[in-house]
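To start, the structure itself, in structure tokens.
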Amino acid sequence: MSRTLLIAEHDGKQLNPSTAKALTGALAVGHPVDIAVFAADAGPVAEQAASLEGADKVLKVERAENEHPLAATLAPQIEALAADYSHVFMPSTTFGKDVMPRAAALLGSPQVSDIMEVLDAHSFKRPIYANNVIVTVKAPSDTVVTGTIRTASFKDAPAGGQAEITDKSLDVELPGHSRFVELEVHKSDRPDLQSAQRVVSGGRGVGNKENFEIIYRIADKLGAGVGASRAAVDAGFVPNDMQVGQTGKIVAPELYMCFGISGAIQHVTGIKDAGTIVAVNKDPDAPIFEIADIGLVGDLFEIIPELEEKLG
Amino acid sequence: MKILVPIKRTIDYNIKAKVTRDGSGVVTDGVKMSINPFDEIALEEAIRIKERGEAEEIIAVSIGVSGAQQQLRTALAMGADRAILVETEEATQPLHAARILLKIREEEGTDLVLMGKQAIDDDANQTGQMLAALWGRPQATFTSKLTFEDGWLKATREVDAGLETIAVELPAVVTTDLRLNEPRFVKMPDIMKAKRKPLDQRKLEELGVEAPAKLEVGTHEPPPERKGGHKVESVDELVAELKERGVLS
């Protein structure tokens, strides 16, 4: 039985872009890939998953407990579903990082975290030591392979697919010891950081929360998503979901522009997969210039308005 | 309530890991070792819970080489009451570590296991979730705020979409994110006092924990270098080059 199961990430209405990227990684194993949608009402998300090219089947697993993605309730369902598969993957987002190891432990499978390259059906490359080292690992062939797929390492699976959608009911008893309370979402109409083609970030150099407005302005001009360094999040300039870096989000846009970010290793780790990196900083010796494709030394409060003007 | 805090000995977070010449691992000879920073945050939180009067005892546990006693002594100096070292020369993978921690938890009867969300060496981010699964108890991962009420705990979690709050019934496993707290500095008198606190050394083989399936670890290599480019002198030059690269139209 050589078949791969990918668990879809979604918010109940929209399929998260991480799923399309993880699908590309899952397909690299070389087996047919089914996508499972756990939800209270999986209809709309299942349709979106079915339109991804390369998906074989989409399984709707609907029950009231699946309204919110809790690891304690999802893991036993994934364990039950895994009986028909040789590989089970999730995207390496906070969703996948929370749920996959719980399911892997139930399956007795040593999980491969943050798969960045698929060498063969059991061998993978993954980053360790904050991306300073890449290691090749081989999963055992006598247990199901479990893993999370590093989304920045794979392109979106394109639309245009027409996978068959089927209902799947699982006879699994779910624990009542974990409850969802609330999700505080920082509302934004800007492109999602992890799938945006352009990302603009601000760091400590922006100075304060009010000043961050200038970063939003240039981002909107470029149609870019907005990120921030850990220093800017810790200082309270912006909410945590905007953090780019080793402990925040790993981004891979075509264009990454950062303003007032010094280039701490933990930030650089999150942007290494970007196409072109532009850095603006008033310190000519800032480490960010060592990795930026194009650097410009100067005051961001002078450079951004000029840039806005030149962009027309 | 008793709290178990797993502590991993890792290369200090200020040191950039280097691959050994034969690619079999990373250089550790003569390299400063410390408590995994996420575990330090977990320990700090445990100490604050105890200081608030919501816990009676904090037990720090490490799985690793004999040298990990050093990190456990630091944990004791910070405020753990006693420590256990499960000694092994082998690099323990997450599923194995989860089984070992499950065994220690059973022996100690702790209601809360508070641990780092990941170790900065293997960056696996698995052990807490795996322990919770094997134990059949809830997990609250990537926690940045933690409160207790009537046998339940409420955790605010840092997730990609924002901040999620969940309530889980004790006993439970909580894994910590960076913004939960800022760990205290250890003071000299506490280091002296820590020398007299109990540190129990156990051999992994004597624990009776069966080793699970594991990943075969192969070659280590440095990541492809991202070469820095150059500096431009003006916004005009910047815009011109971005257009030339085709990232701006």
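No value in this document is a laboratory result; all are computed from the given coordinates. None of the values given here were measured: they were computed from a predicted structure. Cβ: placed from backbone, ideal geometry, glycine included. Neighbour counts: every protein chain shown.
Available extension along the chain between A:E47 and A:V181 is 45.4 nm, counting 0.36 nm per residue and deducting the alpha carbon span. Once the chain from A:E254 to A:D171 is taken as fully extended at 0.36 nm per residue, the excess over their C-alpha distance is 25.4 nm. Loop sites here are GluC sites (Glu not before Pro) outside DSSP states H, G, I, E and B with no more than 15 other Cβ atoms within 10 Å. The longest part of chain A free of them is A:1-172. Here the sum of -39500 (n - 2.57) over DSSP H runs of 4 or more residues, divided by the residues of chain B, equals -8000 deg cm²/dmol at 222 nm, to the nearest 500. The convex hull built on the alpha-carbon positions of the stretch A:4-167 has an orientation-averaged projected area of 8.4 nm². Counts of other chain beta carbons within 10 angstrom of each beta carbon in peptide A:175-187 average 6.
Against chain A, whose longest principal axis is taken from its Cα atoms, helix A:94-107 shows a tilt of about 30°. Eigen-decomposition of the gyration tensor built on the alpha-carbon atoms of the protein assembly as shown gives equivalent ellipsoid semi-axes of 36, 30, 23 angstrom, largest listed first.
Residue by residue, the stretch A:111-118 carries 3J(HN,Hα) couplings of 6, 9, 8, 6, 4, 10, 8, 9 Hz when phi is fed to the Karplus relation 6.51 cos²θ - 1.76 cosθ + 1.60 (θ = phi - 60°); x denotes Gly or Pro. The angle between the Cα long axis of helix B:69-78 and the longest principal axis of the Cα atoms of chain B comes to about 80 degrees, rounded to the nearest 10.
Each Cα pair under 8 Å and six or more residues apart adds its sequence gap; the mean of these over the residue count of the stretch A:198-311 is a relative contact order of 24 percent. Counting GluC sites (Glu not before Pro) as exposed when in a DSSP loop with at most 16 other beta carbons within 10 Å, what is the longest stretch of chain B free of them? Answer - B:91-209. Ranking A:I78, A:T94, B:I11 by how far each Cα lies toward the positive end of the dipole of the protein assembly as shown (charges on Cβ) leaves B:I11 at the top. Per-residue mean of foreign Cβ neighbours for B:137-144 is 5 (Cβ atoms of other chains, 10 Å radius). Near the amide H of B:R82, within less than 5 Å, lie the amide hydrogens of B:I58, B:A60, all on another chain or at least 5 residues away, with H placed in the peptide plane.
Across all C-alpha atoms in the stretch A:198-311, the radius of gyration and Dmax reach 12.3, 35 Å. Relative to the Cα centre, the charge distribution of the stretch B:2-244, modelled as +1 at Lys and Arg Cβ and -1 at Asp and Glu Cβ, gives a dipole magnitude of about 760 debye. The relative contact order of the stretch A:4-167 comes to 30 percent, based on Cα pairs under 8 Å that sit 6 or more residues apart. Counting, for every residue in A:116-124, the Cβ atoms of other protein chains within 10 Å of its Cβ and taking the mean gives 1. Of all segments of chain A bounded by trypsin sites (Lys or Arg not before Pro) found in a DSSP loop with no more than 12 other C-beta atoms within 10 Å, the longest spans A:14-154. Computed on the Cα trace of the stretch B:1-157, the radius of gyration divided by the Kirkwood hydrodynamic radius gives Rg/Rh = 0.97. Name the residues of the stretch A:176-213 whose amide N is less than 18 Å from a point 7 angstrom out from the Cα of A:E302 along the C-beta direction? Zone members listed by number: A:205-207.
Computed over the stretch B:110-249, the P(r) curve from all C-alpha pair distances, binned at 10 Å from the origin, holds 8, 21, 23, 23, 13, 8, 3 percent per bin. If R0 is 45 Å, the Cβ-Cβ spacing of A:D192 and B:V31 corresponds to a FRET efficiency of close to 0.70. For chain A, the longest principal axis of the C-alpha atoms and the axis of helix A:71-81 are separated by about 50°. Distance between the 7 Å Cα→Cβ label points at B:M192 and B:E216: 5.5 nm.
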